[in-house]
Amino acid sequence: MAAPGRPAASLPPDIEPAELPADAIEVGRILDAWGVKGWLKVLPHSADPQALFSSTRWYLQPSDKGPQAFAGTVLLRVRETKEHSDSVVARADAVEDRNTAEMLRGARIFVPRSSFPTASDDEYYWVDLIGLEVVNREGVHLGRVRDLMATGPQTVLVVEYEQEGKPQERMLPFVAAYVDDVNLRQRRITVDWQPDY
């Protein structure tokens, strides 16, 4: 087993140990090797994988499960990324064959939040919405965003709140018909929604 923070001897030396950036966000994981030339098949954590495409430096950490070819954090320099079917495939420096790609199976992919492309005025990254307070037009607290779900044509906010001391959740469609305002600075979403819906 490699020393903590160092890649195992079986990984190419070009896959170097690294410090995880302070603003790192987990954006996906490596599913498997793709083809025989070292390409990686990646499962993005978002329906829109732009964060994977925008960064040429991926920080990998081993999976919590299964065998691990490295410990700590390593830096992978990405040459090319493209969408393929329901996933993403990528080619990286130092991953030249299928065997090396298979060693990275299960690795968690992080990229710095600062490398995300700038969202347009009416677009938001899911990671920026998680934890925001949700209130209705009357100022009634409806909970905090715990997660988001893609449900075909729309995204749904999973809002967590307490009722009689027990955690509950409500689903709110994240569409203009119900969402009046998203204020990232105030960490608040204002919606046209009632607590008893």
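For residues in segment 178-189 being over 13 Å from Val159 (Cβ atoms) and surrounded by 11 or more Cβ atoms within 10 Å (Cβ to Cβ), which is modelled with the lowest pLDDT?
Here the answer is Leu184.
Of all residues in segment 77-131 being in a helix (DSSP H, G or I) and at pLDDT 90 or above, which is surrounded by the fewest Cβ atoms within 10 Å (Cβ to Cβ)?
Asn99
Of all residues in segment 22-52, count the ones that are part of a loop (DSSP other than H, G, I, E, B) and within 14 Å of Leu76 (Cβ to Cβ).
Final tally of qualifying residues: 1.
Given the structure, is Asp147 out of contact with any Asp or Glu (no Cβ under 6 Å at 6 or more places or on another chain), assigned to a strand (DSSP E or B) and modelled with pLDDT of 90 or more?
no
Only one of (1) under 17 Å from the mean Cα position of the chain (by Cα); (2) within 24 Å of Phe70 (Cα to Cα); (3) not aliphatic (A, V, I, L, M) is not met by Ser115, so which one is it?
Here Ser115 meets the rest and fails (2).
The conditions are (1) in contact with a strand residue (DSSP E or B) (Cβ under 9 Å, 6 or more places away or on another chain); (2) in contact (Cβ under 8 Å) with a residue 40 or more places away in the chain; (3) not β-branched (Val, Ile, Thr), and Pro117 fails exactly one of them. Which is it?
(1)
Looking at (1) loosely packed, with under 15 Cβ neighbours inside 10 Å; (2) modelled with pLDDT of 95 or more, which is the one condition that is false for Asp196?
Among (1) loosely packed, with under 15 Cβ neighbours inside 10 Å; (2) modelled with pLDDT of 95 or more, Asp196 violates only (2).
Would you be able to say whether some residue in segment 36-53 is closer than 26 Å to Ile130 by Cβ, touching a Pro at 6+ places or on another chain (Cβ under 8 Å) and of a type in the set (Ser, Thr, Tyr)?
Scanning segment 36-53, I find no residue that is closer than 26 Å to Ile130 by Cβ, touching a Pro at 6+ places or on another chain (Cβ under 8 Å) and of a type in the set (Ser, Thr, Tyr), so the answer is no.
Scan segment 149-174 for residues that are charged (D, E, K, R) and touching a strand residue (DSSP E or B) at 6+ places or on another chain (Cβ under 8 Å) and jot them down.
The answer is Glu160, Glu162, Glu169, Arg170.
Limited to segment 64-76, what total is found for residues that are modelled with pLDDT of 85 or more and assigned to a loop (DSSP other than H, G, I, E, B)?
Number of matching residues: 3.
The values are calculated or read from the model by the stated rules, or taken from the named source; none is laboratory data. Because the structure is predicted, anything quoted here is derived from the model rather than measured. Because the Cβ atoms are built from the backbone with ideal geometry, glycine has one as well, and the counts that use them run over all protein chains shown.
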